[in-house]
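I have placed the structure first, in the form of structure tokens, so that the comments after it can refer back to it.
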Amino acid sequence: MTVTVRRVREEDAAATIELLSPIIASRAYSIMTELIPYQDQLDFIRSVRNEGVGNVAVDETGEIVGFQTVGGYFSETPALAHIGDIGTFVRLGYHRAGIGGMLMEKTIPEAVAKGFLKVMALIRADNPAALGFYRRHGFETIGTARRHARIDDRFIDEVMAERMLVG
Ligand SMILES: CC(C)(COP(=O)(O)OP(=O)(O)OC[C@H]1O[C@@H](n2cnc3c(N)ncnc32)[C@H](O)[C@@H]1OP(=O)(O)O)[C@@H](O)C(=O)NCCC(=O)NCCS
């Protein structure tokens, strides 16, 4: 499989929902529990294109196999405007093939160029792949928020990790 990474576009809204839906439905990787409405995804793509970073990994047929974004973190105050909230999603069945790494290689320099000084990730403590992935890409654990998410009446710890982009 030949994979290339390009900037996400508004017309990717449906395909990125289609990538995310089984990941969300599995209840295994993310604390997202609801399928994403089309308009919300379109708005999100517009916002990361304008204020953040958004990239997709595409195979040789044009199918989207990965999606990574850096969005404004706690955007309600300019005091946190230098922090990006990173999210990475690789299509189920395509994991551990280097796609997440390819996305990271494009996204991090773009986040630097956009003026972000650090990126943060909230990772489910029961998601060893994501913990290993972010660690592999220079994220350091800040701590574990205990019983942070509640899904189907089960509490899940979340690990907060950060990567400084400058200094
Ligand atoms: C986490 C995720 C994005 C990683 O993407 P990926 O394309 O599978 O990762 P890569 O193949 O680029 O792996 C890069 C490195 O990450 C680490 N890694 C990836 N998967 C791992 C796993 N299952 N266990 C431990 N380390 C892992 C390794 O260091 C790996 O390097 P290596 O293969 O040379 O050892 C992917 O597993 C995914 O989309 N999971 C479902 C959604 C999700 O959990 N997103 C994160 C929410 S916080």
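Laboratory data are not the source of any read-out in this text; all were calculated from the coordinates shown. Note that the coordinates shown come from a computational prediction; the quantities given were computed from them, not determined experimentally. Ideal geometry is used to build each Cβ from the backbone, glycine not excepted, and the neighbour counts take in all protein chains shown.
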*What is the Cα radius of gyration of the chain over 2.2 N^0.38 Å, N being its residue count?*
0.99
*Taking neighbour counts of Cβ atoms within 10 Å as a proxy for exposure, in what order, fewest first, do GLU11, GLU162 appear?*
GLU11, GLU162
_Computed [θ] at 222 nm, helices only, for the chain once each DSSP H run of length n ≥ 4 contributes -39500 (n - 2.57)_ = -10000 deg cm²/dmol
*Using the count of nearby Cβ atoms within 10 Å as a rough guide to exposure, how do ASP12, ASP152, ASP157 rank from fewest to most?*
ASP152, ASP157, ASP12
*Hey, got the dipole for the chain? About the Cα centre, +1 on K and R Cβ, -1 on D and E Cβ, debye to the nearest 20?*
500
*Please give the net charge around LEU80, taking every other residue with its beta carbon less than 14 angstrom from that of LEU80, where Lys and Arg add +1 and Asp and Glu add -1.*
-3
